[in-house]
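**Q** Sharing a structure with you now.
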Amino acid sequence: MLCPKCASEKTEVVSTVKGSINERYHKCIECGYGFITLEIVKVDVSLIEYANEINKSYVNYFEPCKKVV
C-alpha cells in the first residue's frame, strides 16, 4: 500500500475492523502518516442471475416423480 503523503511503499497495518466493510488502519514507516483504507464487496449482477438460473434447474431435478397411469 502506498502512503498518500510521501508515496512510500513501506507501510504497515496497525489494526483492522472487520464487518460488511473492512476498515484497515495503516501507518507509514517512512513519514509516520496514518491513514485508513476501506474494503467493500463488489457484487456482479450477471453472476447472481446465472446462479439463480442454475438453482432453478436443481429445484426441478429434486421434485418427486409423478406416476404415469
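Read-outs throughout are calculated quantities, based only on the coordinates presented, and are distinct from any laboratory measurement. Fair warning: this is a prediction, and the values are worked out from it, not measured in the lab. Counting neighbours? That spans all protein chains shown, and the Cβs are built from the backbone with ideal geometry, glycine included.
**Q** Set Lys and Arg Cβ to +1 and Asp and Glu Cβ to -1, take the dipole of segment 11-61 about its Cα centre, and tell me which of THR16, LEU47, THR37 lies farthest positive.
**A** Looking along the dipole axis, the top candidate is THR16.
**Q** Show me 45-54, 4-13, 21-30 ranked by packing, highest mean number of other Cβ atoms within 10 Å first. Provide the component values of the computation, followed by the final result.
**A** Numbers: 45-54: 9.0, 4-13: 12.6, 21-30: 14.5.
With the highest mean Cβ count within 10 Å placed first, the list reads 21-30, 4-13, 45-54.
**Q** Something else about it: Using a cut-off of 14 Å between alpha-carbon atoms, which aspartates and glutamates can reach LYS10, once sequence neighbours fewer than 8 places away in the same chain are excluded?
**A** GLU30
**Q** Convex hull over the Cα atoms of segment 11-61, averaged projected area in nm²? Before the final figure, lay out the partial values.
**A** Details: hull surface 20.8 nm².
Mean shadow area of the hull around the Cα atoms is 5.2 nm².
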